[in-house]
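Below is one structure, written out as structure tokens; comments come after it.
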Amino acid sequence: MQLLSADTVRVDRLRTRMITMQVAGAVAVLLLAFAPYVFEPAVTSQWIKLFYLITLATTWNLLAGYAGMVSVGQQAYIGLGAYGIFVFNDLGMDPYSSALIASIAIGVIAFGLSFVAFRLRGGYFAIGTWVIAEVVRQVVIRFDSLGAGRGRSIVDYTADPILRNLFTYWLALGILAATLISTLFLLRSRMGVALQSIRDDEVAARALGIHVGRTKRIVFVVAGMGAGLAGSIICLQAIGVQSPSQIFSVSFSAFMVFMVLIGGIGTIEGPIVGAVIYWVMDIYFSQLGLWYLVVLGVLAIAVTLFLPNGLWCALTSRFDISVFPVGHRVIPLPGADSSARPRPAEAPVPVKD
Amino acid sequence: MVVVNALVQGILLGGVFAMAALGLSIAFGVLRVVNLAHGEIMTVGAYIAAIGLSRLGISVWISLILVVPVLGFAGYWVQRLLLQRALRIGELAPLLVTFGLAIIIPNALIELFTTNKQTIPTGDLAVRSITIVEGVSIGVLPLLTMIVAVLLIAGTQLYLTRTRTGRYMRAAADDSETLRLMGVDHRRVYALAMGLAFGIAALAGVFFGMRQGGVTPFDGHLAVLFAFEAVIIGGLGSLWGTLAGGVVLGVAQTLAGVISPELPLLVGNLVFLAVLMFRPTGIVRSKVAV
């Protein structure tokens, strides 16, 4: 262990990889944007589902994996996103703009709800968010204009099904790209470091002058908006909501937990991997009915206990791969081997770790 | 008189909430595990009673002799095999394991027994009542539930303060490291606490089922939220507070029911959120470390 100082090491923010990532990401998004011209709507509508699943997994991971807030009430925002479309659509806006405006409204609601939710910690936070989701559902079904307890379909909508699928696809892709980009930049920023320190030790983080409450609140709001946008996509794709109990179902939280755990909590890549796995499973096994959910639950428990870091970490521990550069890497400067240089007598003893 | 009646019914309704909350309280107090599957354990208890009733023809009271130990045993092994391992991994892991159970159980129940209500007939007990004054009468079953809830809380309190295992549980809650140094197998203590929590949950589930006339796979979600609300309203760490929390929740629900039959759940939840906002330590100050 040698003393780290500015003249012996340099901190690498992986800038080259970041630039490569940005170019590759932009190309990928562009290519995906043209996909509806190549593939059948049946195919792209499956992709829409994948896009919103990744969005959900990424935002849940931001909450639980980076800020240490395990919420099992994100369905509150999914439902609000879906019902938000009806609200703004009734005011005369087209469903796509409704989705975007609803997400801002949801951000405001999530900000308000954070003051209630943040009264609780850990496991009680989890169950508290669940109660909040129930309250949101019970409030929504009191509005007759939103279909009360029955569900509703979008009234004012593009009649052409191909165009409809196209717009929904682009919106879902745009939301996904925005989610991933904002997550990446958030985690590379000072706030990202702050977040991880809060997750690891909240008291120590506070002692270091990190605004714990504010940082957590920002993440809570961002995650709520992400779930809300995903909810809008779910509603757009189904042209409405079957029933409030379905869109506000706690199963959504189960899916999010499952995707993030399988892939690897606390990484950017993990939830994406998990979402893809869940998506593939869903295509092939969803005809199993509810046994499918039972299997999902068993798998989630098994992964929690036997592979707590998820598949992505199992991969990265074997190969040095990282798609999204958020880390800091300390590199010794060439020709600055400090052990060879005379060290001042009063040099502080280097602290291990 | 309608309001007085609602008040009385609400207090009695609190008995079943308190009973549901007791198991959750024990699991959190001793093991620091928030059991998200608590409601599902109650549901399983009620299912065993209902199936015992309909297929084997045994009385619901006899079925309790079966249900409570069976789920207590299940709790013991869930703790030893799943949660003990999860507790070693980190704070999130136990939560996620119980959430997994909360997803598995209702869906398995639907596939095995359909979504139909499994009835738990109690003979004429459900309709028998004692009239106190004109317009206010107390149902025998709710009264019995309340008495059982009070006895359970008193019993648990005595168990935790007067028996050696109970004291080990409280010690484990405070400092499991020292307990281990004193040569006590903390894993066994933990598992016994979870067994106790599961057993009480099962009992609460049967009473909950009797009150509703039966049980469906969806009841667990509702029950865990009620139980949790009672714990928070009452104040963490106080068993008698849990009873007070249950009563507050019950009264809020029945009073809301007087205004409109659609309101009870919403108002109950809003009272909970209000307590959380303005009195987050709960209405009863914690005296006993549980």
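The values are calculated or read from the model by the stated rules, or taken from the named source; none is laboratory data. None of these values were measured; they are calculated from a predicted model. Glycine gets a Cβ as well: all are built from the backbone with ideal geometry, and neighbour counts include every protein chain shown. Just the protein is used for accessible areas: all its heavy atoms, side chains included, with ligands, DNA and RNA removed. Shrake-Rupley method; radii C 1.70, N 1.55, O 1.52, S 1.80 Å.
Overview of results
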quantity	calculated
Hits in region B:77-119 (condition: part of a loop (DSSP other than H, G, I, E, B), over 16 Å from A:F306 (Cβ atoms) and at the interface with chain A (Cβ under 9 Å from one of its Cβ atoms))	B:E91
In region B:129-146, the residues that are open to solvent by less than 40 Å² (accessible area, probe 1.4 Å), among the β-branched types (V, I, T) and not in a helix (DSSP H, G or I)	B:V136, B:I138
Options A:A35, A:A57: the member that is touching a Gly at 6+ places or on another chain (Cβ under 9 Å) and open to solvent by less than 30 Å² (accessible area, probe 1.4 Å)	A:A57
Of all residues making up region B:210-222, the number that are among the small types (G, A, S) and more than 12 Å from every other protein chain (Cβ to nearest Cβ)	2
Check on B:T122, away from every other protein chain (no Cβ under 14 Å), modelled with pLDDT under 85 and within 24 Å of B:Y47 (Cα to Cα)	yes
When residues of region A:71-111 are limited to those that are among the β-branched types (V, I, T) and touching a Phe, Trp or Tyr at 6+ places or on another chain (Cβ under 7 Å), the one modelled with the lowest pLDDT	A:V72
Helices (runs of 4 or more DSSP H) enclosed by region B:209-285 - at least 2 residues per element that are closer than 26 Å to A:S251 by Cβ and over 14 Å from the mean Cα position of the chain (by Cα)	B:264-278
Among (1) among the aromatic types (F, W, Y); (2) open to solvent by less than 50 Å² (accessible area, probe 1.4 Å); (3) under 30 Å from B:T254 (Cα atoms), the one test that B:W61 misses	(2)
Pairs with Cβ under 6 Å, 6+ apart, first in region A:300-325 and among the polar types (S, T, N, Q), second not in a helix (DSSP H, G or I)	A:N309/A:G264
Yes/no for B:V44 being under 18 Å from B:F17 (Cα atoms) and not in a helix (DSSP H, G or I)	no
Any chance A:G68 is on the phi > 0 side of the Ramachandran plot, open to solvent by 10 Å² or more (accessible area, probe 1.4 Å) and of a type in the set (G, A, S)	yes
Selection from region A:92-139 of residues that are of a type in the set (S, T, Y) and within 14 Å of chain B (Cβ to nearest Cβ)	A:S114, A:Y124, A:T129
Those residues of region A:54-87 which are of a type outside the set (G, A, S), more than 14 Å from chain B (Cβ to nearest Cβ) and closer than 15 Å to A:C235 by Cβ, in sequence order	A:T55, A:L56, A:Y77, A:I78, A:L80, A:Y83, A:I85, A:F86, A:V87
Hits in region A:126-147 - residues which are farther than 14 Å from A:A76 by Cβ and open to solvent by 10 Å² or more (accessible area, probe 1.4 Å)	A:R142, A:F143, A:D144, A:S145, A:L146
Identity of the residue in region B:188-219, closer than 16 Å to B:T98 by Cβ and among the aromatic types (F, W, Y), that ends up surrounded by the fewest Cβ atoms within 10 Å (Cβ to Cβ)	B:Y190
Complete set of residues in region A:299-314 that are more than 8 Å from chain B (Cβ to nearest Cβ) and either open to solvent by less than 50 Å² (accessible area, probe 1.4 Å) or over 21 Å from the mean Cα position of the chain (by Cα) (or both)	A:A302, A:V303, A:F306, A:G310, A:W312, A:C313, A:A314
Breaking point among (1) more than 14 Å from chain B (Cβ to nearest Cβ); (2) within 19 Å of the chain's Cα centre (by Cα); (3) at pLDDT below 95, for A:G151	(2)
Qualifying residue in region A:248-262 (condition: away from chain B (no Cβ under 14 Å) and in contact with a helix residue (DSSP H, G or I) (Cβ under 8 Å, 6 or more places away or on another chain))	no
Cross-chain or 6+ apart pairs with Cβ under 7 Å, region A:276-298 first and away from chain B (no Cβ under 14 Å) and of a type in the set (F, W, Y), then open to solvent by 30 Å² or more (accessible area, probe 1.4 Å) and in a helix (DSSP H, G or I)	A:W279/A:K49
Cβ pairs under 7 Å, 6+ apart, first in region A:54-66 and assigned to a helix (DSSP H, G or I), second basic (K, R)	A:Y66/A:R199
Qualifying residue in region A:156-175 (condition: within 11 Å of chain B (Cβ to nearest Cβ), within 22 Å of A:I247 (Cβ to Cβ) and surrounded by fewer than 21 Cβ atoms within 10 Å (Cβ to Cβ))	no
